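Structure record follows, encoded as C-alpha cells.
Nothing in this text is a laboratory measurement; each read-out follows from the coordinates by a stated rule. Just so it is clear, the model here is predicted, and its values are computed rather than measured. Backbone-built Cβ (ideal geometry, glycine too); neighbour counts: all protein chains shown.
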Amino acid sequence: MATAAAAAAARGAGARAVAALRSGCRTAARGRSRAGPARSLCTAPGTAPDMKRYLWERYREAKRSTAELVPSIMSNLLNPDAIFSNNEMSLSDIEIYGFDYDYTLVFYSRHLHTLIFNAARDLLINEHRYPAEIRKYEYDPNFAIRGLHYDVQRAVLMKIDAFHYIQLGTVYRGLSVVPDEEVIEMYEGSHVPLEQMSDFYGKSSHGNTMKQFMDIFSLPEMTLLSCVNEYFLKNNIDYEPVHLYKDVKDSIRDVHTKGIMYRAIEADVEKYICYPEQTRAVLAKLADHGKKMFLITNSPSSFVDKGMRYIVGKDWRDLFDVVIVQAEKPNFFNDKRRPFRKVNEKGVLLWDKIYKLQKGQIYKQGNLYEFLKLTGWRGSKVLYFGDHIYSDLADLTLKHGWRTGAIIPELRSELRIMNTEQYIQTMTWLQTLTGLLEQMQVHRDAESQLVLQEWKKERKEMREMTKGSFNTQFGSLFRTDQNPTYFLRRLSRFADIYMASLSCLLSYDVSHTFYPRRTPLQHELPAWSDRPPATRLPLLQEAQAK
C-alpha cells in the first residue's frame, strides 16, 4: 500500500497523459470533419510507413505530456514519517496502548544482523558439522528483503505477489538468479498453488513446501541459507535441501534461545540500540495524556530491562500498567492453558497464583484470555503495535477485535527513494507508456507490431530499473512489477495503520482520525486518485511546514 500510495500520482499522471492524447485525437477529428477529408496522424493511416510514423508521433506527444506533469508531482511528495491507514480509526477511541519490544519499542543497528549471521554460521560449523569453508561468507545487508518465500525442497528464494504468482527475475538459488525458463518449468508456470504455500503464520508445515520470512530477524537467516546453498552448488556437493533448511533454522533459533544475541546486546547497548530518545518521547506523550500502556514480548526479562533502562530510564516500569516477557507469541494469543508467573528482581520465577496483574511487576508466559480476564481491557479501545504481521497482529485483529499498528522500518527508506525525481520521472513515464500500449495494441499490422515490441522492451527495462532502485535482487517490499506483494496483502488485512517507527506518532494528536485513501477499483473511474493534491495527505511539504 505504501508504494501503491506514492505511485498513485504517477498512475494518475499516466492516465491523464493518455487521456490528453485521446482528447487531442477527438479534437483533430472534429476539425477534420469541418475542414474536409484531409488526413490526420490521429487517424490510423492505411499504409505501414504512415502507421509507424503515426505511432512514434503518439509516443513523442506522450513523452511531452509526461514531462509537463512531473513538476506538479514533485510538489506533492509523501512524508516518510507519516502514518498510513488501511482502515478508518480514531485515536480518540483508544484508551490502552500495547507494544511489542524488538523492532517496535527498540530499534537495532546494522551490527545486529551481522552478529546473528556470524553466530549462526559458526553454530552450523561447530555443532552441525558443516564445512569450515562457509566461514568465508559474510553478511550482506543488501541481499534479501522481508516477505520472501523459500521453497524448502527446491532450495530457492523468491518473491511472490498477492495472487500467488512468482515475480520472474527474483528467484534465487544460492546467490545466483534462476533463469525465467527454468522457473516456469519447475512450477509449470509462475503460479504457486495454495496447498504449497506456508501455513497461517508463514511457517513451512507438513504438506507445505514454502516458508515465508516475515520477521526482520529473518534477514540474516535468508542470507545464510543462500550462502550455504551457494557453497554446496559451487563445489558440486550433494546435499538434502530439507536438512539444510532445518539446520539453518535451528542455528538462527539457537542464537536467540542460547542467549548469544541477548548477551552481546546487553554487553554493548550503545552499539546495538538506535534512536532511544524517540521511543522515550512517544511513551512520555501517551503517559501525559493518561493512556494506559502494556508490553507483551517474547524476549527475556533481563534483556528487556537492560534495553528499557537505556531507552527510558531505570523507572521505565512506572510507565507500563502490565509487562509480560517470554510470552511465546503467537501461542500467547491462542493457548488458554498457560497461567502467568511473576518474575522477581533477580529474574527468578515465583509460584504464586496470579489474581491481578500489578503495575511495576514483570510477568512471564500467560495467555491473552487470562490477560483480558485480569485487566478487563476489551476490543476497539486497545491499539497494539508490533513488527511481525503474523505473530503480533493477525490473531488480535481476527479473533479479539483489537486495533493494530504495524511497524515497518523499511517504509521510510522506500518512501525516500520514491520521492526522488528520477523515480517519479520513471514511474510517470512507465504508467503513460503502459496506457499507450493498451490504446495502440489494436494496430495489428507488422510495422505497428515492431513499434509496440520496442515499447514493450523499454517498459521491461524501466520495470527492472525501478526494481533495482529498492533492492537489486528482489525490488520493493510492497509490490512486484504491477501487483501488491504477498507481504502487503497480509499487511493490509491485519494492520489498521502502519508506519516506519513509533516516532511517527509524535506528529499526530491523540484524538487524530486516520482515514484510508479511497483508491479506484479497476471498474471505477480514476476520479478519486486524480483529486486535487490539497486533499492528498500526508504530504511531505505539509509536515515540513509544521
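One table, with the values for the structure above:
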quantity	calculated
On Cα atoms only, tilt of 276-288 relative to the major axis of the chain in degrees	80 degrees
Peptide ranges 233-243, 497-507 listed from the most packed, as the mean C-beta count within 10 angstrom indicates	497-507, 233-243
Cα-based convex hull, region 429-471, per residue volume (Å³, whole number)	52 Å³
Across K353/K381; K203/K234; K136/K249; K306/K359; K211/K329, pairs whose alpha-carbon gap is larger than 24 Å	K353/K381; K203/K234
Mean separation of Cα contacts under 8 Å, 6 or more apart, over the residue count of the chain: relative contact order %	27 percent
Separation of the Q358 and E328 label points, Cα + 7 Å toward Cβ, nm	2.5 nm
Surrounding net charge for R341, when Lys and Arg each add one and Asp and Glu each subtract one, Cβ distance under 15 Å	+2
Alpha-carbon spread of the chain, three principal axes, descending order, Å	97, 61, 39
Extension gain (nm, one decimal) between L194 and E524, 0.36 nm per residue minus Cα-Cα	115.9 nm
For region 369-509, radius of gyration divided by Kirkwood radius, i.e. Rg to Rh on alpha-carbons	1.17
Estimated dipole of the chain in Debye, rounded to 20 [Cβ of Lys and Arg +1, of Asp and Glu -1, Cα centre]	1380 debye
Long-range amide H partners of F514 with built H, under 5 Å	M89, S90, L91
Whole-Hz ³J(HN,Hα) from phi, Karplus 6.51 cos²θ - 1.76 cosθ + 1.60, for region 450-464, glycine and proline x	5, 5, 4, 5, 4, 5, 5, 5, 4, 4, 5, 5, 5, 4, 5
Residues with amide H under 5 Å from that of R341, placed H, sequence gap 5 or more	K364, G366
Förster radius 25 Å - calculated FRET efficiency between L506 and L372 (Cβ-Cβ, nearest 0.05)	0.25
Highest-first arrangement of 312-319, 373-380, 58-65, where packing means the average Cβ count within 10 Å	58-65, 312-319, 373-380
Rounded if a/c under 1.5, otherwise prolate or oblate - region 279-383, Cα gyration tensor axes	oblate
Degrees separating the helix 2-35 axis from the principal Cα axis of the chain, which is the longest one	10 degrees
Loop sites in region 436-528: GluC sites (Glu not before Pro), DSSP, at most 11 other Cβ within 10 Å	E524
Which of I497, H512, P339, positive extreme of dipole for the chain (C-beta unit charges)	H512
All aspartates and glutamates inside 16 Å of K356 as judged from Cα atoms, apart from same-chain residues fewer than 8 positions distant	D321, E370
Computed lengthening from S90 to M465, 0.36 nm per intervening residue step minus Cα-Cα distance	131.1 nm
For region 329-482: relative contact order, % (alpha-carbon pairs under 8 angstrom, 6 or more apart)	15 percent
With Cα atoms, 0 to 90° folded angle of helix 218-234 axis to the chain main axis	70 degrees
